[in-house]
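Working notes, structure below.
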Amino acid sequence: MDRAVCERLDRDCPLAPFRERFALPEGLLYFDGNSLGALPKSTAADIGRVVREEWGRGLVESWLDADWFFLARQTGDAIAPLIGASAGEVVCADSTSVNLFKLAASLLRHSEGRRTVVTERGNFPTDVYILEGLIDLSDGKFDLVLAEPETIVGAIDGDTALVLLSHVNFRTGAMHDMAAITAHCTAHGVPAIWDLSHSAGAVPLALNRWGVEYAVGCTYKFLNGGPGAPAYVYMAQDVIAAYEPVVTGWFSHANQFGFEDRYRSTAGIEKCLVGTPPILSLRAVMHGIACFDGVDLDDVVQKSRTLSELLIDLADERLAHAGFVLASPREPARRGSQVSFRHPEAYAVSKALRAAGVVADFRSPDILRFGIAPLYMRYVDVWDAVDALARIMASGGWMAHSTDAPEAVT
Ligand SMILES: *Cc1c(COP(=O)(O)O)cnc(C)c1O
């Protein structure tokens, strides 16, 4: 395999023109779109206008004149087709962590004597921490079960009050069979919340078709919403009516501007709103999602797989002898949009890669993670990154970083 093959793949790629929608620094090989997605050019061009005109000139009247009041719902409706949901089932609000709390707290109120809360060992930390906090709040009414990835289905039974799983594992990229696990939960009457943070915008998602009832996810990874962009909540149409908010803020009131003395929940997905939405950030999320306009999601999924396979093949060829062990599943259907390797010096290697203009990240304790963002990544990027990595290993360039203490953000 040589670089010319990759150049040809880029020329023939139906998604190649969409790279133009992003403002990527010249010469940088960016494999961190699953941590912070790239900046859409339209975001950079428009946010100043939003600040000057909608805020500066329109002031408070922009709540209606510029549709600010409806933006959380409009953004949710824009996200819906990317996750296989319908309009009215998604709203953009708060952080993923807070949305997990909101959903889990509400669902645990109806546990009817069931005792276990099932999640996965190695899940994204915030998911587990939020559950721990909620279980503390319940005065020991529930037991947390950290199931091994292979034994999750066996851990879900008639005693399960709630299941919370990340569709794609942030370290390894291993992807659950959401349809099968959802069917198992439904058969046992167990509510399940799916965390789509590493899924939306990169892997196949069909929440409606798979019978998924509850999900959350973030917008700053593959959806390119920007640092700290608000997350989203999904509820299937047929569970919204029974859902009772626990965090009962005024944005979910049935008659918000009636300023009533007592709380009454609204009827729709806006039940998941709490307080005043971050308008500037929501505008940026809309631009991030608009980068998918005109994009065939099947092409995105396909390109994620072919880029990942290219990376795995090149690593087999050029990196295996340098001690890199594939930590992601080889089978495309079981892998999200990332390729991870284990290496005892993963941190030093990640630092050396950054110094060489390749941004991939380190995940404790020994993972080097390459995120695959099909909208803006090229096949030559993969070739060049593996080439840079092979050189670093051959020259021992990573050793200059082998005593570096991990920074606050890796
Ligand atoms: C990135 C990520 C989050 C982020 O949570 P925040 O509250 O937005 O910081 C949550 N869950 C998973 C699985 C993630 O990958």
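The values are calculated or read from the model by the stated rules, or taken from the named source; none is laboratory data. As the structure is a prediction and not an experimental result, all values here were calculated from the model. Here the Cβ is made from the backbone with ideal geometry for all residues, glycine too, and neighbour counts use every protein chain on show.
Table: residues versus (1) more than 21 Å from the chain's Cα centre (by Cα); (2) among the β-branched types (V, I, T); (3) assigned to a helix (DSSP H, G or I).
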| residue | (1), (2), (3) |
| --- | --- |
| S97 | no, no, yes |
| G113 | yes, no, no |
| I130 | no, yes, yes |
| G133 | yes, no, yes |
| F170 | no, no, no |
| A183 | yes, no, yes |
| I193 | no, yes, no |
| A200 | no, no, no |
| L205 | no, no, no |
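Looking only at segment 97-125, count every residue that is buried (at least 23 other Cβ atoms within 10 Å of the Cβ) and either within 20 Å of S252 (Cα to Cα) or within 12 Å of the ligand (Cβ to nearest atom) (or both) and tell me the total.
Final tally of qualifying residues: 8.
Pick from V91, V98: which is in contact with a helix residue (DSSP H, G or I) (Cβ under 6 Å, 6 or more places away or on another chain) and at pLDDT 95 or above?
V91
Is it the case that some residue within segment 130-151 is among the β-branched types (V, I, T) and in contact with a Pro (Cβ under 9 Å, 6 or more places away or on another chain)? Quick ask: steps written out before the conclusion?
Applying the first criterion (among the β-branched types (V, I, T)) to segment 130-151 yields 130, 135, 145, 151.
Okay, now just the ones that are also in contact with a Pro (Cβ under 9 Å, 6 or more places away or on another chain), so none.
Scanning segment 130-151 turns up no residue that is among the β-branched types (V, I, T) and in contact with a Pro (Cβ under 9 Å, 6 or more places away or on another chain).
Yes or no: segment 366-378 includes at least one residue that is touching a residue at least 12 places away in the same chain (Cβ under 8 Å), assigned to a helix (DSSP H, G or I) and not charged (D, E, K, R).
No - not one qualifying residue is present in segment 366-378.
Looking only at segment 330-353, count how many residues are free of Cβ contacts under 8 Å to residues at least 60 places away in the same chain and in contact with a helix residue (DSSP H, G or I) (Cβ under 9 Å, 6 or more places away or on another chain). It would help to see each step written out before you state the result.
To start, the set of residues in segment 330-353 that are free of Cβ contacts under 8 Å to residues at least 60 places away in the same chain comprises 330-332, 341-346, 348-349, 351-353.
Now drop any that are not in contact with a helix residue (DSSP H, G or I) (Cβ under 9 Å, 6 or more places away or on another chain), which leaves 330, 332, 341, 343, 345, 348-349, 351-353.
Matching residues across segment 330-353 total 10.
Within segment 184-202, how many residues are touching a Pro at 6+ places or on another chain (Cβ under 8 Å) and closer than 23 Å to P374 by Cα?
1
Taking G211 and the conditions (1) under 23 Å from R114 (Cα atoms); (2) within 16 Å of the ligand (Cβ to nearest atom), which numbered condition does it fall short on, given that it satisfies the others?
All conditions are met except number (2).
So that you can scan it fast, the table gives a plain yes or no per residue for (1) modelled with pLDDT of 95 or more; (2) not hydroxyl-bearing (S, T, Y):
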site	(1), (2)
D2	no, yes
R8	yes, yes
P25	yes, yes
L29	yes, yes
S35	yes, no
A38	yes, yes
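Restricting to segment 248-280, name every residue that is in contact with a helix residue (DSSP H, G or I) (Cβ under 9 Å, 6 or more places away or on another chain) and among the aliphatic types (A, V, I, L, M).
Correct list: A267, I269, L273, V274, I279, L280.
Among the listed residues V300, V246, which satisfies the condition of being farther than 30 Å from V339 by Cα and of a type in the set (V, I, T)?
V246
Working only within segment 331-387, note down all residues that are modelled with pLDDT under 95, buried (at least 21 other Cβ atoms within 10 Å of the Cβ) and closer than 19 Å to A202 by Cβ.
D361
Here is a check on your reading of the model: is D177 of a type in the set (D, E, K, R) and touching an Asp or Glu at 6+ places or on another chain (Cβ under 9 Å)? Step through it out loud before you land on a result.
Details: of a type in the set (D, E, K, R): yes; touching an Asp or Glu at 6+ places or on another chain (Cβ under 9 Å): no.
No; evaluated as a whole, the condition is false for this residue.
Of the residues that make up segment 257-268, is at least one closer than 30 Å to N34 by Cβ and surrounded by 12 or more Cβ atoms within 10 Å (Cβ to Cβ)?
For segment 257-268, residues closer than 30 Å to N34 by Cβ and surrounded by 12 or more Cβ atoms within 10 Å (Cβ to Cβ): absent.
Look through segment 25-50, keep the residues that are in contact (Cβ under 8 Å) with a residue 24 or more places away in the chain and surrounded by fewer than 17 Cβ atoms within 10 Å (Cβ to Cβ), and return whichever of them is farthest from the ligand (Cβ to nearest atom).
G27
May I ask you to list pairs of residues, at least six apart or on different chains, whose Cβ atoms are under 9 Å apart, with the first in segment 125-141 being of a type in the set (K, R) and the second being exposed (fewer than 14 other Cβ atoms within 10 Å of the Cβ)?
Pairs found: K141/R115.
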